[in-house]
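Below is one structure, written out as structure tokens; the observations come after it.
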Amino acid sequence: MGNLHNEWKILVAAIILLSIIFIGIVGYITIEDYSFLDAFYMTIITITTVGFGEVQPLNDDGKIFTAILSILSLGFFAYSISIITSYFVEGRLVYLVRGYKEKNLKNMENHVIVVGFGRNGQQVIEELLAHKYPFVVIDKNHDAVQQYKGKPIRFIEGDATEDDVLEKAGVKNARSIITTLPNDADNLFVALTARALNKNLQIVSRASSESAEKKLRIAGVKSVVMPEKVGGAHMAKLIASPDIVEFLEHLSIRGEAPTNLEEIECRQLPEEFVNKTIFEIGVRKKSGANIVGFKTPEGKYIINPTPDTVVIPNSKLFVLGTHEQIESMRKILRKAES
């Protein structure tokens, strides 16, 4: 409807502009007996008020006609030019900006796509911003993102169940997608569409029932979260084990608290570290951070691994310590990988 209104305005403005030029040409030809070129020239310099001299001295009728044409041009001509200029300049600018943004999004790699900007989606975004992780938000309601104005949020307005919207978000190069829509059927459809576009995509989805969870896992969703179930379990633990919950709340995964819990990937280890134990590598002793968990490349978790646990390439360490201690351990492993 908005595009139709703009097209109607530009059409009216063009008709007004051409009408003024036509009236001026016909008037000068009729009153002053000008040639077509001279009449066109006089019309243009009159309506644009550039102030050049006349082709030849005007008679009284010509002066009156020129005065009337000048008055008309002050209103109608200025209006027409402003409408036409704004249409092409602003329209072209919007096109260039939109094209640049879409191209920039498609060129993103290893980012997260967040579908839905409700309460769960906003919590996800807060965590991703805290971790400084690249992400794109997809939602139908563009006004909802205005509260995050000024923060580095890439936003796409559209329906995530459509292939072209996910492609604009760079789904083919994305690392994962988190769908937080309130409707289970919509989350399922987004998961199926995303999986079809990217076979290696890690999918995390919200669900409201165990039945929906089963369907989502069949669709290829790796992790399913039921907010109501998680919230209820948390409230029960506050009664059953309040001190444990409070202790865990003192830990942070954002790096804001004195003690943090973070994960460190061990991708490509050099020969001197391959098949070496945690004790032999000496990361715990050199950094001061505690290794509280270990994940094998096959996905097996080891809680509180012993010092003789062998560090395997593409494994992952879960580390507890201060920000400085964890960064020290990262540097050790980064040095080992270089």
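Structural remarks
- Separation of the Thr259 and Leu238 label points, Cα + 7 Å toward Cβ, nm: 2.2 nm
- Of Lys215/Lys300; Lys132/Lys286; Lys276/Lys331, those spanning more than 22 Å from alpha-carbon to alpha-carbon: Lys215/Lys300; Lys132/Lys286
- Working ranking of peptides 287-293, 185-191 by packing, defined as the average number of other Cβ atoms within 10 Å per residue, highest first, is 185-191, 287-293.
Here, each number is a calculation from the coordinates, and none is a lab measurement. Remember, it's a predicted structure, so these values are computed and weren't measured experimentally. Neighbour counts are summed over all protein chains in view; Cβ atoms, including those assigned to glycine, are modelled from backbone coordinates with ideal geometry.
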